[in-house]
Structures are given as C-alpha cells and as structure tokens.
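Note sheet for the following structure.
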Amino acid sequence: MNGRKELKTFMRNAISVAEATRLVLDRVRVMPTEEVPLMQSIGRTLAVELVAPQPMPHFRRSGMDGFAVMAADTKQASIGSPVSLHIVDNVPAGQVSTMTLQPGQCIRIMTGAAVPEGADAVIKYEMTAEESGPDGTELCKVKGVVAIGENVSPIGVEITEKETVLCSGVQIGAGEIALLAMFGIHTVQVYKQPRVAILATGAELLRVEDALAPGRVRNSNSYMLAAAITAFGGIPVVMDQVPDDAVIAKQMIRKAILEHDVVVTTGGVSVGDHDILYDVTQEWDGDLVFNKVMMRPGSPTTFGMWHGKLIFALSGNPAACYVGCRLFLRPALRGMMVADLIPEPRIMATLTVNYAKSDRFTRFICGRMSEQAGKLTAAPVGYDMSSVTVSLRDANCLICLPGSPNGYQEGALVEIIPLKGICE
Ligand code: AMP
Ligand code: MG
C-alpha cells in the first residue's frame, strides 16, 4: 500500500501556477456562436463587431429646454437690454419643425428635440422671458448672448456613421446593451456558454437531500462549483455523484464528456487509497496535461483532455476545490467565450498581519480586503485550512503568497484576487 502511495506522489511533476494556466489556455477552443434576444445578451460575449449604421445623434439635438435662435440675433442682448425675437413655432422632443428660422425669429424647443433649419444655437429658458407683442404675436426677450453651436449636439458628435461601436469579444453590460438598443439590434450574436458537467467523487458523500450519517458529509462542492461556473459565465450541470470505483467513474466521466463542453470533477485526485480520479487518468486514452501544481491548497489539481474536451479534476477539500476552479476553470471558460479581452489587472494589497508559514509552493489564502485611508489592505479569514468551507463565505479575495522560506511580514505588499461579484 505504501509503495502505491509513493508511486502516486513521486510520479507527479509539479509545475508553477503560471505554467499550468498557460497549458490550460493553450488547449482552449472558442465556442460556436448563437443569436439571442437582446435581453438574453446581458453578461454574454458579443461575437460580432457593431458598426454604427447611422451617426448618433442622427439629427441636431437640443441639449436644453429653451429657444432655438440664430446666435447672431443675440449679439447685443443683455439683462439690461434684452433682444426681442418672434416665437414662430414650438418643437417638443420627438417632433420636427417644418419651418426654417429667419433672422429676428426663434422657436420654442425642448431638450432632445431636433433643432430647426436656420437655427444655430439654443438659449435656455432661464435666460429668456416671454411676452405678448402689440399685434398679439408672442415674443421672447433674450437676456444674454449665445454662441454658435451652444446647447446644440451636432450630428454624429457621439458616434459617427460606420464607426466601430462595439468590438467582438466585449462582455455585454449596461453601456454595451444601451448601444445595441440604440442602434435597434434586437437579436444579438454571442458566443455560446460552455456547458460544464460537475461530478463529485467520494464514498463519504451524501446528497443534499440525504439525512446526515456518521462519518458522512453532504456534497457541497458540486453546488459551490455550480455557483462559480455561473459567475464565470458558464452553464453548470450537476451530475450524479460518482462512486469510488474507477471503472464506473471512467464510464460516467466519459458520458459527461460526450454530452458537455467541459467536465469538472471534485475529490479523489490526491494520494489516498480511494483516489480514483488519479487511477482514471492513468488508464484512459486521454491526454494528461498536469497533475501537480506548485500551489496550496490544491497541489494535486489535475487537468487533461479527453475526446477533445477539457477535464479538470479538482481536489475535494472545499477551499482547494474553489482555488482550482478560480485559477484554472475560470480562464478556460472565459477563453471559450472570448471574454476578458483585457487581461485581469494585478491588484496589490498590504498584509495587515504576519503570515509565518514557510512554503515552497504559492499559497492562495481566503482573505478579506478592505480599504483603509486610500490603501488596499488584506488579511486571512478564519482557519487557514483547505477543509474549511466557511472561510469561502467570509472571503472577498484570495491572497496569493508565492513560496517563501520565512513567510510574510505585516506590511508586505502582496497580490490579491478579488472575489464576490467584484471579479468572480
Ligand atoms: P479528497 O480530495 O477526495 O481526498 O477529499 C478531501 C476532503 O474533502 C475530504 O474531507 C472529503 O470528505 C471532502 N470532500 C470531498 N468531496 C467533497 C464534496 N463534494 N463536498 C464536500 N466535501 C468534500
Ligand atoms: Mg476522496
């Protein structure tokens, strides 16, 4: 038995997190595209370029409630000596005046309305007063000077015709969907979301519906992974739990691979007697890319390709499972959807406590970041143990501590990976 354990440990070639990430990304294939209704495009990745079919605004737009005028008519105007102009029309937003403004005239206009022909400025209401002329005409007394172009948005000032408005690969958020809507794009070409099969292994696992039993734990990792995959933009599919039997496990994984885009397993990748995922990867006809990463928790994190699909075999320990999926599954899924055109920025924070543990491997610790006097700080939360699920609830970042013989001192500047809606 010892001999077998040693073999499992020593046959593994530990690679760095950066190298492992590169090996994953090298194997990522972009998903096909699909057309979805505008509302369903939120959060998805645009798969085409949006070129402006017309300029925006597409008419000269008033930026104020007031009067459309010829700027030259206001040249002599002041509070003490207003200039009177004849009000000849009224344009609410959405309407267009049929008149062409002549010198000495003005047209009442609302914000967002089309500035009439002949007018070259809009003077806001606050700088005017209305009165009736002697012949019953309506007059506007202009109490100040307006410059040509004042309060008028010219055609195309925001977007010119044929300009690239959205690049393929952008994630559709508030600003992007507003532009799609503005240009009348009601169905959108987006990358398909990868469907990710989640398989939990471990004879100790109960289903969520099951009553607790001595020595048994409920399968919580599948749901943790489902939430993370949803946050990354994928579609999680929680499969039946896998029994501790390498033959059945292999069959179940094979079936999952054929029916999904990606497979993620949890548990059974380390050196225990029942770590069947390891056995599966030793006996399959797939490509085992790595099975040890220089990181903690989750050093036995395993990745391979089988039937052309990516398979991630993550540790069963909850924190290790999460770290593995955050570090490797996330970029893979994002890459499949061509999301993240801009690489994630490196975010640095100051450690507020000593972290004494020495290590050869990089540690990823559940942490809490906060802002103190304009400075980002971070400290570990809870017990620093990979078996502790509750730390994930409390963490809003992972603190990354590259291997160091002496640990880290309070005040050290360290990299963090924000979590929880900020950058899941
Ligand atoms: P393993 O990676 O299979 O050696 O499991 C390591 C630890 O994680 C053990 O304490 C398992 O009981 C626990 N564990 C494994 N899989 C799960 C799961 N799906 N949900 C919750 N805990 C798990
Ligand atoms: Mg196990």
Legend entry - Gain upon complete extension [Glu35, Leu376; 0.36 nm per residue less C-alpha separation]: 118.6 nm
Legend entry - Against the rule of thumb 2.2 N^0.38 Å, how large the Cα Rg of segment 347-418 comes out: 1.02
Legend entry - Among Glu204, Glu126, Glu259, residue whose mean-square fluctuation peaks in a GNM of the chain (springs only between Cα atoms under 10 Å): Glu126
Inset, instruction - Report, by chain and number, residues whose modeled amide H sits under 5 Å from the one on Glu150, excluding near sequence neighbours (fewer than 5 apart, same chain). - result: Val122
Legend entry - Relative contact order computed over segment 347-418 (Cα-Cα under 8 Å; 6+ residues apart), in percent: 48 percent
Legend entry - Mean residue ellipticity (222 nm) of the chain, computed from DSSP H runs ≥ 4 via -39,500 (n - 2.57), nearest 500: -5500 deg cm²/dmol
Inset, instruction - Please state, to two decimals, what the Cα-based radius of gyration of segment 1-157 comes to when divided by 2.2 N^0.38 Å (N = residues). - result: 2.11
Inset, instruction - Can you pull the one-decimal nm distance between simple spin-label points at Ser81 and Met182, each 7 Å off the Cα toward Cβ? - result: 4.3 nm
Legend entry - Efficiency of FRET from Cβ geometry, Ser404 and Leu23, R₀ 25 Å, rounded to 0.05: 0.50
Legend entry - Net lengthening on full extension, Ala174/Ile148 (0.36 nm per residue, minus Cα-Cα): 6.0 nm
Inset, instruction - Residues in segment 22-52, backbone N under 20 Å from the label point at Lys162 (7 Å along the Cα-to-beta-carbon vector): list them, ranges by number please. - result: 49-52
Inset, instruction - Compare Leu166, Leu46, Leu225 in a GNM of the chain, Cα atoms joined below 10 Å, and give the one with the largest fluctuation. - result: Leu166
Legend entry - Top of Gly136, Gly63, Gly411 by mean-square fluctuation, Gaussian network on the chain, Cα under 10 Å: Gly136
Legend entry - Cut-off under 5 Å, modelled amide H: who pairs with Val293 long-range: Ile15, Thr301
Inset, instruction - May I ask for the angle, rounded to the nearest 10°, between helix 221-232 and the longest principal axis of the chain, with both axes built from Cα atoms and the value confined to 0 to 90°? - result: 30 degrees
Legend entry - Among 36-43, 412-419, the order from most to least packed when residues are scored by Cβ within 10 Å on average: 412-419, 36-43
Inset, instruction - Return the sequence-ordered ³J(HN,Hα) values of segment 122-130 in whole Hz as given by the Karplus equation 6.51 cos²θ - 1.76 cosθ + 1.60 applied to θ = phi - 60°, using x for Gly and Pro. - result: 10, 9, 6, 3, 4, 9, 9, 9, 9
Legend entry - Among Leu351, Gly335, His274 the positive-end extreme of the charge dipole of segment 236-380 (Cβ point charges): Leu351
Legend entry - Sites Leu258 and Thr230, calculated FRET efficiency, Cβ-Cβ separation with R0 22 Å, nearest 0.05: 0.45
Inset, instruction - Would you grab the residues whose amide H sits under 5 Å from the one on Ile347? Only those 5+ places off in sequence or on another chain, please, with H modelled 1.01 Å from N. - result: Ile416
Legend entry - Taking only Cα atoms of segment 176-263, radius of gyration then Dmax in Å: 18.2, 61
Inset, instruction - Go through segment 148-161 residue by residue and turn each phi into a ³J(HN,Hα) via Karplus (6.51, -1.76, 1.60, θ = phi - 60°); whole Hz please, and just put x for glycine and proline. - result: 4, x, 5, 6, 10, 8, x, 4, x, 5, 8, 9, 8, 4
Legend entry - 3J(HN,Hα) from dihedral phi, segment 18-25, Karplus parametrisation 6.51/-1.76/1.60, rounded to Hz, x for glycine, proline: 5, 5, 4, 4, 5, 5, 5, 4
Inset, instruction - Rounding to the nearest 20 debye, state how big the charge dipole of segment 1-157 is about its Cα centre with +1 on each Lys and Arg Cβ and -1 on each Asp and Glu Cβ. - result: 1480 debye
Legend entry - Estimated Rh, the chain: Kirkwood, alpha-carbon pairs, angstrom: 26.1 Å
Inset, instruction - Over 23 Å between C-alpha atoms is what I'm after, so list which of Lys162/Lys192; Lys255/Lys292; Lys357/Lys420; Lys75/Lys124 land there. - result: Lys162/Lys192; Lys255/Lys292; Lys357/Lys420
Legend entry - Given charges at Cβ of Lys, Arg, Asp, Glu: the chain dipole, positive-most of Gln193, Leu401, Ile148: Leu401
Legend entry - Exposure proxy ranking, count of Cβ atoms within 10 Å, fewest first, for Asp394, Asp135, Asp120: Asp135, Asp394, Asp120
Inset, instruction - Restricting things to alpha carbons, find the Rg to Rh ratio for segment 61-153 using the Kirkwood radius for Rh. - result: 0.93
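Throughout, read-outs are computed from the coordinates displayed, never taken from laboratory work. The model shown is predicted, which means the values in this text are computed figures rather than measured ones. Here the Cβ is made from the backbone with ideal geometry for all residues, glycine too, and neighbour counts use every protein chain on show.
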